[in-house]
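Asks: A single structure is presented below for examination.
Nothing in this text is a laboratory measurement; each read-out follows from the coordinates by a stated rule. All of these numbers come straight from a predicted model, not from anything done at the bench. Ideal geometry is used to build each Cβ from the backbone, glycine not excepted, and the neighbour counts take in all protein chains shown.
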Amino acid sequence: MEILEIKATKSSPKVSLNPNTNIHEISGESYPENSYEFYEPIFDWIEEYIENLGDNEAIFNIELYYFNSSSSKILMDMFDIFEDAGEEGKKIVINWIYESENHAAQEYGEEFSEDFENMTFNLVEKSD
Amino acid sequence: MLEQLYKYKSELKKDGIIFSFVGPISQDVVEGIGSVLREKMETEDINSNTSLKVFAIFVEQMQNVINYSVDRVPENNFDSHISFGMIIVGQNEGKYFIIGGNRVSNVQKERIEKKLSILSNMDKQELRAYYREQRKIDPDEYSKGAGLGFIEMAKKSTEPLEYNFEPIDEENSYFTIKTIV
């Protein structure tokens, strides 16, 4: 599998998916014009990646300063995929990273973490 | 016409309107106006959580107009990424208000009214729970995004969403919706 790198834009996040290190990043902001279109290649990559993951641990570092409601649904769908993988014994770790003053990011992270049991969902607070 | 514009601008100022845009709206407009709005709020030293809420509501409102306005550019192309609508951002008595406006068909009006009336009776906790519930299921066939925009707006608003449908003709109405932060 190839590395998938997408540069950040004003309304879409930086995405870095690496099948060699198994450390991945989604960071910045997410409010693209069409979130399904933007995230489709990412979902395709993730699905193939998970199939080939085997025993390795996959770490997703997610740091989104702001995301719109469409993106919130996308994240939910993505976490559902990880949850299913977790149920099959795959090791998935999510680090939900947020700045301590960003109450919305913290709250969304807490809500996501409550919904999932079969992956490790860490809330990582950054203080300046 | 020119002589009346200063008076018009002063009326806007009196109503606390910072930003008033009526015209073709696309993602470029969301990004452009969004940027300047954020910068303005930052320079005014507004609490960052408040300015993020205002920005979030602004994006949801704008993207609703882009997705659902019946006025498209070019006309009648429902897949076009440019639509016609209105967005107003202002400040009144220490709070921000964001108003979105666009033409809708009366069929859309019924669907929107149904969604909004469900929300109007919910408190913050109920809205949060409803949002989480709706986010888990697939959006209905009429939704272009995730179908969560109104819930997101209601969650972030300090008061229940205020809205109006102004009849235009038998088929269409002008829909406006106001959020306060």
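Asks: List the extent of the Cα atoms of segment B:57-180 along each of their three principal axes, largest first, rounded to whole Å.
Replies: If we take the Cα atoms of segment B:57-180, the spans are 41, 38, 26 Å.
Asks: For A:ASP84 and A:THR120, calculate 0.36 nm times their separation in residues minus their Cα-Cα distance, and state this gained length in nm to one decimal.
Replies: 11.7 nm
Asks: Turning to a different aspect of this structure: What nm distance separates the two modelled labels at B:GLU93 and B:ILE118, each placed 7 Å from Cα along Cα→Cβ?
Replies: 3.1 nm
Asks: Under 8 Å for C-alpha pairs, at least 6 residues apart: give me the relative contact order for segment A:17-106, rounded to a whole percent.
Replies: Averaging sequence separation for qualifying contacts and normalising by length gives 36 percent for segment A:17-106.
Asks: Using a Gaussian network model on chain B with a 10 Å cutoff between Cα atoms, which of B:PRO160, B:PRO24, B:PRO74 fluctuates the most?
Replies: B:PRO74
Asks: Here is a follow-up. Given R₀ = 22 Å, FRET efficiency for A:ASP77-B:ASN76 by Cβ-Cβ distance, to 0.05?
Replies: Values: r = 32 Å, r/R0 = 1.45.
Efficiency, rounded to the nearest 0.05: 0.10.
Asks: If the viscosity is 1.306 mPa s and the temperature 10 °C, what Stokes-Einstein diffusion coefficient in µm²/s follows for segment B:44-104 when Rh is the Kirkwood radius over Cα pairs?
Replies: Answer from the Stokes-Einstein relation: 125 µm²/s.
Asks: Run down the lysines and flag those whose C-alpha is under 21 Å from the C-alpha of A:LYS14, throwing out any fewer than 8 positions away in its chain.
Replies: A:LYS73, A:LYS126
Asks: Can you give the relative contact order of chain B as a percent, counting alpha carbon pairs under 8 Å and 6+ residues apart?
Replies: Dividing the mean separation by the residue count of chain B yields 22 percent.
Asks: Follow-up question, since we're still on this one. Take the Cα atoms of segment A:1-72, find their three principal axes, and give me the spread along each one in whole Å, biggest first.
Replies: On the principal axes, segment A:1-72 reaches 35, 20, 19 Å in Cα extent.
Asks: Apply the Kirkwood formula to the protein assembly as shown: the hydrodynamic radius equals the inverse of the mean of 1/r over all pairs of different alpha-carbon atoms; give it in Å with one decimal.
Replies: 20.8 Å
Asks: Also: Can you pull out the GluC sites (Glu not before Pro) in segment B:69-144 that DSSP calls coil and that have at most 15 other Cβ atoms within 10 Å?
Replies: B:GLU75, B:GLU93, B:GLU141
Asks: Moving to a separate point now. Roughly how far apart, in whole Å, are the Cα centres of segment A:98-127 and segment A:30-60?
Replies: Result: 19 Å between the Cα centres.
Asks: If the reach is capped at under 16 angstrom between alpha carbons, list the lysines near B:LYS14, excluding any in the same chain fewer than eight residues apart.
Replies: Answer for B:LYS14, where 16 Å is the Cα cut-off: B:LYS95, listed by chain and number.
Asks: Same structure, new question: Please work out the Kirkwood hydrodynamic radius for segment B:1-119, using every pair of different C-alpha atoms, and report it in angstroms with one decimal place.
Replies: By the Kirkwood definition, the hydrodynamic radius is 15.7 Å.
Asks: Output ³J(HN,Hα) for segment B:42-58: one whole-Hz value per residue in order, computed from phi by the Karplus curve 6.51 cos²θ - 1.76 cosθ + 1.60 with θ = phi - 60°, and x for Gly and Pro.
Replies: 5, 5, 8, 6, 5, 3, 5, 5, 5, 5, 5, 5, 4, 4, 4, 5, 4
Asks: For segment A:1-40, which semi-axes, largest first and in whole Å, follow from the square roots of 5 times the eigenvalues of its Cα gyration tensor?
Replies: Details: eigenvalues 81, 23, 9 Å².
Its equivalent ellipsoid spans semi-axes of 20, 11, 7 Å.
Asks: Now for a different question. One quarter of the convex hull surface, Cα atoms only: what value does that give for segment B:104-172 in nm²? All intermediate terms of the calculation are to be shown ahead of the outcome.
Replies: Working: hull surface 19.6 nm².
With the hull built on Cα positions only, its mean projection is 4.9 nm².
Asks: Would you work out the Kirkwood radius for chain A? I mean one over the mean of 1/r across all pairs of different Cα atoms, in Å.
Replies: 14.8 Å
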